[in-house]
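Before any comments, here is the structure.
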Amino acid sequence: MQLTMIGTGYVGLVSGVCFSDFGHDVTCVDKLPAKIEALNRGDVPIYEPGLQDMMAKNVAKKRLNFTLDFETAVGNAEAVFIAVGTPTRRGDGHADLTYVYAAAREIARSLKGYTVVVTKSTVPVGTNREVARVIRAENPDADFDVSSNPEFLREGAAIEDFMRPDRVVVGIENDRARGVMAKIYRPLALREAPIVYTDLESAEMIKYAANAFLATKITFINEIANLCEKVGADIQSVSKGMGMDQRIGSKFLHAGPGYGESCFPKDTKALARIGQEHASPVKIVEQVIAINEDRKRQMTDRIMYLCGDKVAGKKIAVLGVTFKPNTDDMRDSPSLTIVPALVGAGADVHVVDPQGRKEGEELLPSVTWIEDAYTAVQGADAVVVLTEWNEFRALDLVKMSGLMNDAKMADLRNIYDPAEARAAGFEYVSIGR
Ligand code: UDX
């Protein structure tokens with residue numbers, strides 16, 4: 001099948017590469033010449049395990065190509081995927097749909113023959129219907145249907161999630177569009193991946209509801225962690241005991257410094273807005289947003305307290321700044337609240353992150369970037385674990401405490417055992433225990 005992806009950001013690129021791996025002929029289009037040139041050289045602009053190899057393999061098999069030529073790419077396609085960004089609009093929490101509708105108008109002008117226009121970007125309920133209206137207004141003769149096909153890819157595990165999804169969600173309005181979507185996802189259906197066919201509005205809602213639920217689950221366990229600290233319980237045991245209940249499940253029950261990244265903050269805000277606009281507020285999600293923001297500030301207070309409420313002139317080593325491991329993504333990362341607060345209070349912050357430096361240098365000015373954890377903690381007055389990268393999980397704590405000026409550790413991901421850390425000489429604080 002001939003497929004075209006509009007937008008070579010995270011979602012567009014991963015989806016395009018994976019569709020080509022199914023055996024489809026995929027053309028990825030972007031507006032930025034530098035991006036297309038880089039992709040044609042084989043450079044992947046994001047860090048995602050396995051992506052570069054899979055891309056190279058499918059380019060070599062001539063099933064995957066990158067182009068600026070929008071018109072030809074859309075004209076040839078049986079399905080065109082809109083995978084452009086939907087950032088939070090400044091001021092009102094709405095998803096900014098400028099890029100989605102601009103893409104729809106441009107697609108309308110280039111359509112040839114029956115085509116399904118599929119939205120992969122996360123968009124508010126009603127957007128797919130509006131995309132159809134925009135296309136019809138721009139090109140009344142176009143032969144097309146729209147489909148909503150939200151993605152559920154975790155950064156760092158995106159290829160795995162695409163190839164072995166819990167489910168694929170497809171919103172459609174008729175059997176003709178369903179037939180095209182079924183053909184696209186046939187390789188997954190053959191592997192027994194469940195495919196949920198539903199209407200456009202339900203498909204759009206599934207994405208928001210799923211992300212808001214996961215953000216709520218994390219926020220719930222973060223609040224229970226706070227309470228555990230007060231009553232002397234251990235959040236690790238509590239999560240384990242709760243998660244074994246199959247109705248609850250163990251995933252997304254790890255207490256931490258608050259969720260970050262592009263999807264949870266932006267999708268919870270968008271869902272809250274949709275609720276308010278329809279006079280059906282989703283109050284639990286409104287609370288989750290507020291609690292998560294607060295949490296990042298609480299984490300700074302925790303580090304300050306560990307340092308005797310004075311960090312001016314002290315050296316603090318920070319391990320990990322990306323919002324989670326195996327990504328170079330810094331968007332909405334707790335580090336963006338915590339590190340500037342420490343710097344603002346006069347701390348000399350030294351940062352280590354296996355992938356975060358490229359994006360982080362601009363976002364976290366006034367810190368010193370170090371290549372490895374042992375060098376970073378040399379002469380430090382405290383060390384803070386912010387992201388649970390594997391390479392921080394098995395550091396020699398005795399060696400570390402010996403290198404530090406004052407052996408204090410704030411482990412905001414609970415990667416160390418409190419007794420072991422204390423035995424190694426650390427004054428140690430963590431989350432919920
Ligand atoms: C998420 C969704 O999982 C995915 O379905 C959606 O399409 C995009 O958003 P991702 O952005 O890769 O994926 O992040 P994820 O692994 O889900 O983690 C999100 C945030 O929650 C991270 O900051 C992480 O540290 C935090 N988190 C996650 C916790 O604090 N505790 C947990 O138990 C799980």
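Here, each number is a calculation from the coordinates, and none is a lab measurement. On a predicted model such as this, the values are computed, not experimentally measured, just so you know. Positions of Cβ are backbone-derived with ideal geometry, glycine not excepted, and every protein chain shown enters the neighbour counts.
Restricting region 169-252 to trypsin sites (Lys or Arg not before Pro) that sit in a DSSP loop and have at most 14 other Cβ atoms within 10 Å of their own Cβ leaves Arg191, Arg247, Lys251. Taking a quarter of the surface of the Cα convex hull of the chain gives a mean projected area of 21.9 nm². Would you kindly state how much longer the chain becomes between Met1 and Asp69 on full extension, computed as 0.36 nm times their sequence separation minus their alpha carbon distance, in nm to one decimal? That pair, Met1 and Asp69, stretches by 22.6 nm at full extension. The angle separating the long axis of helix 263-277 from the principal Cα axis of greatest extent in the chain is about 70 degrees. Within region 288-433, the ratio Rg/Rh, alpha carbon atoms throughout and Rh by Kirkwood, equals 0.93.
Using the Cβ-Cβ distance between Arg164 and Met242 with R0 = 25 Å, the FRET efficiency computed as 1/(1 + (r/R0)^6) comes to roughly 0.45.
Dimensions of region 63-130 along the principal axes, based on C-alpha atoms and rounded to the nearest Å, stand at 39, 24, 20, largest first.
Name the longest site-free stretch of the chain, where the excluded sites are GluC sites (Glu not before Pro) in a DSSP loop with no more than 13 other beta-carbon atoms within 10 Å. Segment 1-191 is the longest.
Take every pair of alpha-carbon atoms less than 8 Å apart whose residues are at least six positions apart; their mean separation over the length of the chain yields a relative contact order of 12 percent. Note on Glu229 and Thr375: the model spin-label points, each 7 Å out from Cα along the C-beta direction, lie 3.3 nm apart. Assuming charge only on the beta carbon of Lys and Arg (+1) and of Asp and Glu (-1), the dipole of region 208-294 about its Cα centre is about 220 debye to the nearest 20.
Computed over every Cα-Cα pair of region 363-433 and binned at 5 Å starting from 0, the pair-distance distribution P(r) comes out as 4, 17, 28, 29, 15, 6, 2, 0 percent. Compute the distance from the alpha-carbon center of region 230-279 to that of region 34-108, in whole Å. So the separation of the two Cα centres works out to 31 Å. Radius of gyration over Kirkwood radius for region 2-198, both on Cα atoms: the Rg/Rh ratio is 0.94. Over the C-alpha atoms of region 201-248, the Rg to Rh ratio, Rh being the Kirkwood estimate, stands at 1.14. Just Asn128, Asn174, Asn292 to compare: in a GNM of the chain, with alpha carbon springs under 10 Å, which one fluctuates most? With Cα springs under 10 Å in the chain, the top fluctuation among Asn128, Asn174, Asn292 is at Asn174. Between Ala189 and Asp309, the FRET efficiency estimated from the beta carbon spacing at R0 = 41 angstrom works out to 0.10.
Within the set Lys35/Lys62; Lys120/Lys358; Lys251/Lys358; Lys183/Lys266, which residue pairs have Cα atoms separated by over 22 Å? Listed pairs above 22 Å: Lys120/Lys358; Lys251/Lys358; Lys183/Lys266. Put a dot 7 Å past the Cα of Lys112, heading toward its Cβ, do the same for Glu427, and the two dots end up 7.2 nm apart.
Inter-part distance, region 388-422 to region 337-383, computed on C-alpha centroids, equals 16 Å. For the pair Asp301 and Ser250 in one chain, pulling the backbone fully straight at 0.36 nm per residue adds 15.5 nm over the alpha carbon distance.
Relative to the longest principal axis of the Cα atoms of the chain, helix 98-110 runs at roughly 30 degrees.
The Arg176 and Gln287 beta-carbon pair, evaluated with R₀ = 51 Å, returns a calculated FRET efficiency of approximately 0.75.
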